[in-house]
Amino acid sequence: MSANFATEATAKNCSKLLPAEYQWQALDWSHLRAAELPRAFKISPDQQPVCEMNAAICSEAESKKIIAVSVDVFFKDSAIWNKPEQLLPYIELVNRYYQQARITFNFRFRPTNELPAWTENRNQLTVIFASAMPAPTGKVADAFGNLPAGKAVFNDVLMKRQDRHANPYFLVGKPLGHELGHVLGLAHTQDKVLLMTQGTSPQNALEILPEQALIMRVMALQRFGGKLDPLIACH
């Protein structure tokens, strides 16, 4: 089985790499309109689609249909992450988080020699596992998501957080889902039960708000080539 096939199966057929209790239910955003979402939830409001100019996309985002988004994954020079199999439980967990937003990710593992420059392929959602890759500011963070570049980076220092949470899948699963949220347009929140809270805490419930779900759905469709998927989310 190829790595890409395996991740597609994880996203769409709900494999049992994780216990059944790690489940999140689809949200109800029927009371919301994409054109009226609060700026406070958006990490870069000036880069968010304007619904007056993207009426069809915003209408699709407001629907209850699943949006499938392709994510290119690269192992750059990490001393920890170098095999797709290492990430499969975390990938499944992320897709379970994103059931709340009816978004499913197809993670595609790509060879290192195809890794684009930071300013290239901005409309392709990309994840990079690296040793110590700096953010555009020059700082080497545990992990960061950058909406302008369309990329999320996870550095080896992230693995030093093993004592921060009892959930064995949380260590990489939460940061992966969190940074993808940034690339899909979400800002940090203060509520520790939410996926987009900064840092880690035993109180993290990894929840997504309806407003956040709709912001990400619009970005997935307008910016990152997301497609409406007829499959039903797993519950």
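Points worth noting:
- Qualifying residue in region 68-75 (condition: farther than 15 Å from VAL153 by Cβ and open to solvent by less than 30 Å² (accessible area, probe 1.4 Å)): yes
- One residue alone among LEU221, LEU228, LEU209, LEU214 is open to solvent by 30 Å² or more (accessible area, probe 1.4 Å), among the hydrophobic types (A, V, I, L, M, F, W, C), at pLDDT 95 or above and in contact with a helix residue (DSSP H, G or I) (Cβ under 9 Å, 6 or more places away or on another chain), and that residue is LEU209.
- Tabulated pairs, region 117-129, first closer than 25 Å to VAL157 by Cβ and without any contact (Cβ under 8 Å) to a residue 40 or more places away in the chain, second open to solvent by 70 Å² or more (accessible area, probe 1.4 Å) and part of a loop (DSSP other than H, G, I, E, B), C-beta under 9 angstrom, 6+ apart or interchain: TRP118/PRO136
- Residue within region 24-34 that is at pLDDT below 90, open to solvent by less than 50 Å² (accessible area, probe 1.4 Å) and among the aromatic types (Phe, Trp, Tyr) present: yes
- Selection from region 89-107 of residues that are open to solvent by 20 Å² or more (accessible area, probe 1.4 Å) and either modelled with pLDDT of 90 or more or charged (D, E, K, R) (or both): ARG102, ASN106
- Output for region 170-190, where each listed residue is of a type in the set (A, V, I, L, M, F, W, C), open to solvent by 10 Å² or more (accessible area, probe 1.4 Å) and modelled with pLDDT under 95: LEU171
The values are calculated or read from the model by the stated rules, or taken from the named source; none is laboratory data. Everything quoted here is computed from the prediction, not taken from an experiment. Glycine gets a Cβ as well: all are built from the backbone with ideal geometry, and neighbour counts include every protein chain shown. We work out accessible area using only protein heavy atoms, side chains counted, and drop any ligands, DNA or RNA first. Shrake-Rupley method; radii C 1.70, N 1.55, O 1.52, S 1.80 Å.
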